[in-house]
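Shown next, in structure tokens, is the structure this report addresses.
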Amino acid sequence: MPLTPPQPRTEQRSLVEAVIASTIGTTIEWYDFFLYGTTAALVFPELFFPSFSPFAGRLLSFSTFAVGFVARPVGGVLFGYLGDRVGRKSTLVATLILMGVSTLVIGFLPTYNQIGVAAPVLLTALRFIQGIGVGGEWGGAVLLALEYGHRSNRGFYASWPQAGVPLGLLSSTGVLELCRASISDAEFLAWGWRVPFYLSGLLIVIGLLIRIRILETPLFAQLKEKNQLARAPVREAVRGHWREILLVAGTRLSENSCFYLFSAYVLTYGKIVLDVEKGLMLRAVSVAAAIEFFTIPLFGILADRFSRKGTYVLGCVFLAMFAFPYYALLNSRIPAAIVLAVVLGLTIGHALLYSVQASLIPELFGTRLRYTGASLGYQLGSPLAGGLAPIIADSLVEAFPDQYWPLALYIIVISIISLICVQRLSETSRKDISLPG
């Protein structure tokens, strides 16, 4: 027997609750994920790799950072399967617990000076678990908003979980900066960096209380009611949508790489190249993240009014054209110019691409395979994009000291690759996504 359609007022209230729940949950999970990236740039080389040269220590620290990206496709497969077989809500609760607990444990880790090589090994293992959690988080969060708001303005509703990402970044950098500014450098290195990780324990409880209250999405509930769930969603998605999955991975190269260049590696760049005041780069990232929280939904509206592909193309072109001005502004060493560079990079370049992904990618797949297909495509590009970006950037800085053109060229090349890939995807803004697929 088909489900009775809810009354408009009830449906609207459920939509708002789903959007709020997915946004807050995403904020908490990305707080955990970004917290690691920020500390990997600021303190992990000294605490977990002290026996290496500064350059080697940074590379090893960023390598553990990259491990999280290698794990993300694993999380996409695992939780994509569960999301299409068990449900969106249950899977999101599981990813939140996995991410939160692994982050909390990092705060209790002994350092290299205390237990030797076991310290970076444990750190890497926990980062891998983080990656699995966030690999399953994205698909469920955007589907919660997209499938509740499937009737209209999907680009706008689905963009709100994406806005949770800069909010998570703002929270992590803000808490770290507060801790760093409240105590001496020695105290921060000794124990202050652990405090933001302890805070994750409280955030887990808040996130769970919010997510447990939300009902399953109406599209998945209807599918389950009619017994139309996919028996082997991973196999079906790869067999029937391998082209879309690969193209989605390609479209993410520029967005994911540039995000970590603008938010994580810029902290290292400010320290080893610009030699500017320590808190300046953190404040620049925090200001940019606060503004991007608003520009992502704004560009989500643009994706509804204009088109998914058109908005994405605009973002790729902006990043390619902004690459040289970005590094020119940074290398001026003028505080206002540095802040402007980071703000423009994140609030326009990254936000244009990231806002659209939440609707463009899941809309390529039917409801039966949407969690799996979207997660596979989204997470498959992560190891080559965000995972390698800080390592590539630091290697270019080491190979070409006092020159920023290789870094700018890197951004231009990956932007062109993403531009080619997105052009080969279907336009989905007018698609009926309620079909099983």
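Annotations for the structure displayed:
- For the stretch 208-354, radius of gyration divided by Kirkwood radius, i.e. Rg to Rh on alpha-carbons: 1.11
- Projected area, mean over directions - the stretch 159-216, Cα convex hull, nm²: 4.8 nm²
- Under the span-like rule (Cα at least 20 Å along the axis, Kyte-Doolittle mean at least 0.0), DSSP H helices of the chain: 8-42, 54-85, 88-106, 118-148, 154-182, 195-212, 278-305, 308-331, 405-423
- Sorted from longest to shortest, the spans of the Cα atoms of the stretch 1-115 along the three principal axes equal 66, 25, 23 Å.
- By average C-beta atoms within 10 angstrom, highest first, the peptides 310-319, 83-92: 83-92, 310-319
- Accessible area of the chain belonging to carbon and sulfur atoms, whole % at 1.4 Å probe: 69 percent
- Packing here is the average count of other Cβ atoms within 10 Å per residue, and on that basis the peptides 277-289, 198-210, 62-74, highest first, run 62-74, 277-289, 198-210.
- Using C-alpha pairs under 8 Å with a sequence gap of at least 6, the mean separation divided by the residue count of the chain gives a relative contact order of 25 percent.
- Tail beyond 28 Å, pair distance distribution of the stretch 66-217 (Cα, percent): 27 percent
- Hull shadow area, averaged, the stretch 311-437 [alpha-carbon convex hull, nm²]: 8.4 nm²
- Comparing mean-square fluctuations of Gly135, Gly116, Gly164 from a GNM of the chain with C-alpha springs under 10 Å, the top value falls on Gly116.
- Taking every DSSP helix (H) stretch of at least 4 residues in the chain, weighting each as -39,500 (n - 2.57) and dividing the sum by the residue count yields a mean residue ellipticity at 222 nm of -25500 deg cm²/dmol.
- Considering the stretch 256-322 at the alpha-carbon level, its Rg and Dmax are found to be 14.7, 44 Å.
- Gaussian network model of the chain, springs between alpha carbon atoms under 10 Å - residue of Ala40, Ala21, Ala232 with greatest fluctuation: Ala232
- The residues of the chain present an accessible area of 38 Å² per residue when probed at 1.4 Å with all protein chains retained.
- Peptides ranked, highest mean first, by Cβ atoms within 10 Å: ranges 383-391, 249-257, 177-185: 249-257, 383-391, 177-185
- Over 28 Å (Cα to Cα) - which of Lys224/Lys431; Lys226/Lys431; Lys278/Lys309; Lys89/Lys431 fall in this group: Lys278/Lys309
- Rounded to the nearest 20 debye, the dipole magnitude of the chain is 1260 debye, with +1 charges on Lys and Arg beta carbons, -1 on Asp and Glu beta carbons, and the Cα centre as origin.
- Summary of the geometry: the stretch 121-174 and the stretch 243-265, compared by the centres of their Cα atoms, lie 15 Å apart.
- The three principal axes of the Cα atoms in the stretch 274-375 give end-to-end lengths of 52, 24, 20 Å, sorted in falling order.
The values are calculated or read from the model by the stated rules, or taken from the named source; none is laboratory data. Since this is a predicted model, take the numbers as computed values, not measurements. Here the Cβ is made from the backbone with ideal geometry for all residues, glycine too, and neighbour counts use every protein chain on show. Accessible surface is based on the protein model in full, side chains and every heavy atom, while ligands, DNA and RNA are left aside. Shrake-Rupley method; radii C 1.70, N 1.55, O 1.52, S 1.80 Å.
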